[in-house]
Every structure is written in structure tokens, then in C-alpha cells.
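For reference, the structure is listed below as C-alpha cells.
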Amino acid sequence: MVKYVVTDPCYLLNDELWSKCCKHVRDWAKFNELVEKCLYMRTGYPAYVCETGFGDWTNRLYGENVTQPEFFADSGMVCVCRLTPHLEEHLQNTYQTDCFIGAAVFEASENIEVKFNRDDIQWTVVEIKDKETGNFIKSMDPMTDDDEDE
């Protein structure tokens, strides 16, 4: 099993890389592509990036093998990538904690499929399928998830 992280990519990139990416914020496609490349450079593995549609948010993962469910975004983006020891060290050093609360963590095989559902332009639903086990992990979807407070 491999560890993955779901969070805002700004937490995973150092300030220099993030600043370079932000120069292209007016063109989401180019911005997303550049952030994916920077995450690949940091981890050595593919990364998946999408804007949230909502801006800043807090969200939660549901499914098997989710070890830390809550994540949030400050830059209006969300990403899924391998949680390498290098990224874990970066999060610990930057945020001075063993358990960075802004990042969701799950375990899956090396063969995952990541989709970002943007049916509601004001929200992004993260959908992850482990192609080897068939397990499915999904973030909260305000269109279908019940609000316990109502």
C-alpha cells in the first residue's frame, strides 16, 4: 500500500515553486499543469490538480483506507499526490507538527485513477478509484451528502 495526500498544493510546494506557479493564475489550465509538474518534480510521481470552484474550503474524504479524512484549501485548489517521505518531512518542518490537519491521507495501490467532478461549478468533488482493489474514495459532495445540522 502507498500513502497519498489530498490537500491544497500550496502546502506541498516550497515558497519559490509556488510563487512561480502563481504567475499563471489567470489561466487555470496552464496553472494546473504547472502545479502538477512541480509536484511531480518534488515527488517523482504523477499528481492531479484542480481548482475547487469554491475558493477556500474545508472538505472530507470518505472510503476505505482513509487514515486522516479532513483537508482544506487556501488557494482555491485541491491536489492528490503521493505522500513521499520528502513531502512528510516538508509538512512537519513547515507546520511544526507530526499531523498536518490541512491534509487528508489515504492508502491505496500504486494504480489509482483520480477524477475531479465539477458538475457544480461552485464545488469540486474528488473521486479516487484504486484500480487494483476496486476501493473507491470520495470527498464530500454538497449536492448528494446530507447535512447533519438540518
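Annotations for the structure displayed:
- Residues whose placed amide H lies under 5 Å from that of MET77, excluding near-sequence neighbours: THR52
- Using C-alpha pairs under 8 Å with a sequence gap of at least 6, the mean separation divided by the residue count of region 40-84 gives a relative contact order of 50 percent.
- Packing-based ranking, highest mean first, of 10-23, 72-85, 123-136 given that Cβ atoms within 10 Å are counted: 72-85, 123-136, 10-23
- Cα pair distances of the chain binned at 10 Å [whole percent]: 11, 44, 36, 9, 0
- The simple Förster model, with R0 at 22 Å and r as the Cβ-Cβ distance, assigns GLU33 and ARG118 a FRET efficiency of 0.85.
- Computed FRET value (nearest 0.05) for TYR62 with GLU110, which takes r as the C-beta separation and R₀ as 25 Å: 0.70
- Of all accessible heavy-atom area on region 1-127, the percent that carbon and sulfur account for (1.4 Å): 48
- Accessible surface computed residue by residue for region 1-105, with neighbouring protein chains in place and a 1.4 Å probe, gives 52 Å² per residue.
- Over region 39-127, Cα pairs under 8 Å with separation of 6+ residues give a relative contact order of 33 percent.
- Cα-projected label distance for THR94 with MET41, points at 7 Å along beta-carbon direction, nm: 1.4
- Look at the dipole of region 51-133 built from charges on Cβ: of THR94, CYS79, GLY55, the Cα furthest out on the positive end belongs to GLY55.
- Normalising the average separation of contacting C-alpha pairs (under 8 angstrom, six or more residues apart) by the number of residues puts the relative contact order of the chain at 28 percent.
The values are calculated or read from the model by the stated rules, or taken from the named source; none is laboratory data. This one's a predicted model, so the numbers in the text were calculated from it and none came from an experiment. Cβ sites come from the backbone with ideal geometry, for glycine too, and all protein chains shown count toward neighbours. All accessible areas refer to the heavy atoms of the entire protein, side chains included, with ligands and DNA or RNA removed. Shrake-Rupley method; radii C 1.70, N 1.55, O 1.52, S 1.80 Å.
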